[in-house]
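What follows is one structure encoded as structure tokens, with my remarks underneath.
The values are calculated or read from the model by the stated rules, or taken from the named source; none is laboratory data. A quick note: this is a predicted structure, and the numbers were derived from the prediction, not measured. With ideal geometry, Cβ positions are generated from the backbone for all residues, glycine too; neighbour counts draw on all protein chains shown.
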Amino acid sequence: MVKDQIYKELRRSIIKGYLKPGERLDIVKLTKHYETSITPLRDAISLLSQEGLVTIKPRRGYFVCQITVHQLIDLFEVREILETASIQRAVGRITDEQIEQLTHDYTGYDDDSYDRYIDENRRFHCLIAKATGNEELVQMMGRVHDLLARFMFLVFRQTVKTQDKTHTCIIEALQARDEEAVLKAIIDEIRTTRDFVIARVMEEQGDSWQIGNFETSKLKNLEIKIPIVNSLQ
């Protein structure tokens, strides 16, 4: 239980930006803060490392993972590929009961509901992936959402209202078994969120995120090519 508590609190601190990219985790201070031994702390950090939130450097210590803008774009590209494959396979398979569950897993949010938002948004997209019957796809979908979670915090207030509308469109299109409409809604959501995130990262945390000479204007010409795979009925 101690390990789980430490894991949740450190994860929240990284996602919310209290622990900055590249920041070293002081093991001595953390053991004193949590009033615990080093073993559960290391176990918690190991879980964070598996999620891509912490880097373990031999003989140097533990550090909050850094990422370049190009790597961030790659993550959004991976998400778009996974979401597209998920929709193409799920639209002909998803049941009315599963669609009904989607309507209950995405509700209104306010400025203080980020934690609930990130959990329910992840569950929403994983539920669609689950309708494909491919558990590996579900696991991969969850992982990419976990990796993007700390960036979503930067744009929570800007995107939450538009995503609420987008998810409603997705549900309605799934009810109609309209693959084209679902794909459009998903891709619009991902690309709009991507542009918001990268703009905020560059504006507020350029040095920490290793921005380099990347320019937001390049996003206008950025098109992610998604291989279209025939849906499996």
Of all residues making up the stretch 75-95, the number that are assigned to a helix (DSSP H, G or I) and more than 15 Å from C126 (Cα to Cα): 3
Subset of the stretch 42-66 (residues that are in a loop (DSSP other than H, G, I, E, B) and surrounded by fewer than 19 Cβ atoms within 10 Å (Cβ to Cβ)): E51, G52, P58, R59, R60, C65, Q66
Residue identified as buried (at least 20 other Cβ atoms within 10 Å of the Cβ), within 19 Å of D188 (Cα to Cα) and either touching a Gly at 6+ places or on another chain (Cβ under 8 Å) or in the same structural domain as T192 (by TED's automatic domain parsing) (or both) among I94, I87: I87
Given (1) part of a strand (DSSP E or B); (2) among the polar types (S, T, N, Q); (3) farther than 30 Å from R191 by Cβ, index of the condition T39 fails: (1)
Flag for T162 being surrounded by 14 or more Cβ atoms within 10 Å (Cβ to Cβ), in contact with a helix residue (DSSP H, G or I) (Cβ under 9 Å, 6 or more places away or on another chain), at pLDDT below 80 and in the same structural domain as I81 (by TED's automatic domain parsing): yes
Selected residue (criterion: surrounded by the fewest Cβ atoms within 10 Å (Cβ to Cβ)) from residues of the stretch 31-41 that are out of contact with any Lys or Arg (no Cβ under 9 Å at 6 or more places or on another chain) and free of Cβ contacts under 8 Å to residues at least 12 places away in the same chain: E35
Selection within the stretch 165-184 - hydrophobic (A, V, I, L, M, F, W, C) and either buried (at least 16 other Cβ atoms within 10 Å of the Cβ) or closer than 30 Å to E203 by Cα (or both): C169, I170, I171, A173, L174, A181, V182, L183
Failed condition for D110, given (1) assigned to a loop (DSSP other than H, G, I, E, B); (2) under 21 Å from R12 (Cα atoms); (3) at pLDDT 80 or above: (3)
R150 being assigned by TED's automatic domain parsing to the domain that holds V78 and either at pLDDT 90 or above or surrounded by fewer than 18 Cβ atoms within 10 Å (Cβ to Cβ) (or both): no
